[in-house]
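Undergrad: Before I ask anything, let me first share the structure, which is written out below as structure tokens.
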Amino acid sequence: MNKILDFWRRFRQNRAAVGGAAVLLIVLLVAAFGPWLYPTDPFDMVGRPISAPFGKFPLGTDISGRDILAGLIHGARVSLLIGIVASLCATVIGVTLGALAGYYGGLIDDLLMRSTEFFLTIPSFVLAVVIVAIFSPTVVTVTTAIAVVSWPSVARLARAEFIAQRDREYVQACRAMGMADWQIVLLQILPNALPPVIVVGSLMVATAILTESGLSFLGLGDPNVVSWGYMIGVARTVLRLAWWMAAIPGVTILITVLAINLVGEGLNDALNPRLKQR
């Protein structure tokens with residue numbers, strides 16, 4: 001409990017991070033409860049095409065006469081779901097491979113790190129486009145593609161943390177006590193290596209949302225669900241005629257990504273042990 005209170009004390013000292021957390025909480029609440037509070041189907045043609053905001057519909061309609069506000073609310077769930085799930089999968093894969101490479105070293109380290117460097121040589125967005133283009137563009141495929149291109153950076157960070165911890169006195173004491181390697185890795189080293197991984201994982205959510213938006217803008221998103229990127233992709237053909245159709249989801253993505261980045265910076269300040277004495 002004291003550690004949690006100490007963490008919260010240091011986190012709330014960063015006012016920007018607290019503000020970002022408040023905005024992010026609002027977005028999460030909209031994603032969770034918005035579809036029940038505003039149950040309009042985002043695919044229903046409810047009015048005439050390209051109606052301006054602040055009329056019959058609060059944010060207007062798109063080129064097919066669909067309610068933009070309904071798309072924004074329902075799209076929050078899809079965009080956040082893809083971002084969070086892809087980041088969790090990438091973090092688990094990266095931490096697992098980085099832990100094995102950093103703890104054991106030698107041949108295992110060489111094999112895993114060479115594989116990681118191979119993925120790092122390929123532009124991440126291009127690789128995501130190729131993966132989604134090869135398979136059918138569904139939510140699962142998009143999420144998998146984002147996870148595949150995101151784990152290498154986590155693996156390198158986890159490897160560095162495990163290398164820094166594996167020869168510490170407490171690890172040597174655990175070996176002398178006869179603890180198994182998996183116990184040392186999971187119960188001793190991993191808790192000490194998690195803070196920077198948590199920060200990177202939180203920032204990865206923002207990158208995943210942007211990647212999903214880029215894929216949807218190119219027409220590689222799931223056509224059966226509405227996301228913020230899908231809404232921008234639909235509006236790209238009428239940017240001069242109805243700029244707000246792309247601006248509204250674009251600003252929503254901007255605010256959400258900025259909030260996540262601010263929270264990530266706050267987590268870095270709160271979890272960084274070098275700042276405890278400040």
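Undergrad: Per residue of region 136-146, what does 6.51 cos²θ - 1.76 cosθ + 1.60 with θ = phi - 60° give for ³J(HN,Hα)? Whole Hz please, x for Gly and Pro, Karplus curve as stated.
TA: 5, x, 10, 4, 5, 5, 5, 4, 5, 4, 5
Undergrad: Using Cα-Cα distances under 8 Å and only pairs 6 or more residues apart, what relative contact order does the chain have, in percent?
TA: Numbers: 394 pairs, mean separation 72.1, N = 278.
RCO, the chain: 26 percent.
Undergrad: Quick one: compute the contact order of region 26-91, relative version, from alpha carbon pairs under 8 angstrom and 6+ residues apart, as a percent.
TA: 33 percent
Undergrad: Still on this structure, I have one more. How much length is gained on full extension from T96 to A32, taking 0.36 nm per residue of separation minus their Cα-Cα distance?
TA: Details: separation 64, 0.36 × 64 = 23.04 nm, distance 3.06 nm.
20.0 nm is the gain from fully extending T96 to A32.
Undergrad: Once both labels are modelled 7 Å past Cα along the beta-carbon direction, what's the K3-A52 spacing in nm?
TA: 5.7 nm
Undergrad: Okay, next question. Points 7 angstrom from Cα along the Cβ direction at A16 and L81: gap in nanometres?
TA: 3.3 nm
Undergrad: Another question about this same structure. If you take the Cα atoms of the chain, find Rg, then find the Kirkwood Rh from the mean of 1/r over all pairs, what is Rg/Rh?
TA: Reported Rg/Rh, Kirkwood definition of Rh: 1.06.
Undergrad: Compute the accessible area per residue over the chain, keeping the other protein chains in place, probe 1.4 Å, unit Å². Before the final figure, lay out each step's value.
TA: Details: 14770 Å² over 278 residues.
In whole numbers, the chain has 53 Å² accessible per residue.
Undergrad: Ok, one more. In a Gaussian network model over the chain where Cα atoms closer than 10 Å are linked, find which of W244, W182, W228 has the largest mean-square fluctuation.
TA: Greatest mean-square fluctuation among the candidates belongs to W182.
Undergrad: Restrict the search to region 25-115; then list the chymotrypsin sites (Phe, Trp or Tyr not before Pro) that DSSP places in a loop and that have at most 11 other Cβ atoms within 10 Å of their Cβ.
TA: Filter output for region 25-115: F54.
Undergrad: Using mean Cβ contacts within 10 Å as the protection proxy, how do 93-100, 61-68 order, highest first?
TA: With the highest mean Cβ count within 10 Å placed first, the list reads 93-100, 61-68.
Undergrad: Once phi is turned into ³J(HN,Hα) by the Karplus curve 6.51 cos²θ - 1.76 cosθ + 1.60 with θ = phi - 60°, what whole-Hz value does each residue of region 189-202 show in order, with x for glycine and proline?
TA: Working through the residues one at a time gives 7, 4, x, 7, 9, 6, x, x, 5, 4, 4, 5, x, 5 Hz.
Undergrad: How large, in percent, is the carbon and sulfur part of the accessible surface of the chain at a probe radius of 1.4 Å?
TA: The C+S portion of the solvent-accessible surface of the chain is 68 percent.
Undergrad: Tell me the relative contact order for region 56-137 as a rounded percent, counting alpha carbon contacts under 8 Å between residues six or more apart.
TA: Values: 22 pairs, mean separation 9.2, N = 82.
Relative CO of region 56-137 lands at 11 percent.
Undergrad: Anyone know which of A101, A247, A155 comes out most mobile in the 10 Å Cα GNM of the chain?
TA: Comparing A101, A247, A155 in a Gaussian network model of the chain, the most mobile one is A247.
Undergrad: Tell me, what ³J(HN,Hα) does each residue in region 106-123 have, in order and in whole Hz, if you take phi through Karplus 6.51 cos²θ - 1.76 cosθ + 1.60 with θ = phi - 60° and put x for Gly and Pro?
TA: For region 106-123, the Karplus curve yields x, 5, 4, 4, 4, 5, 5, 6, 5, 5, 5, 5, 4, 5, 6, 6, 9, x Hz.
Undergrad: Report the local net charge at V142: Lys and Arg +1, Asp and Glu -1, summed over other residues whose C-beta lies under 15 Å from its C-beta.
TA: -1
The values are calculated or read from the model by the stated rules, or taken from the named source; none is laboratory data. Since the model is a prediction, treat every value here as computed from it, not as a measurement. FYI the Cβ positions are ideal-geometry reconstructions off the backbone, even for glycines, and counts take in every protein chain you see. Accessible surface areas use protein heavy atoms only, side chains included; no ligands, DNA or RNA. Shrake-Rupley method; radii C 1.70, N 1.55, O 1.52, S 1.80 Å.
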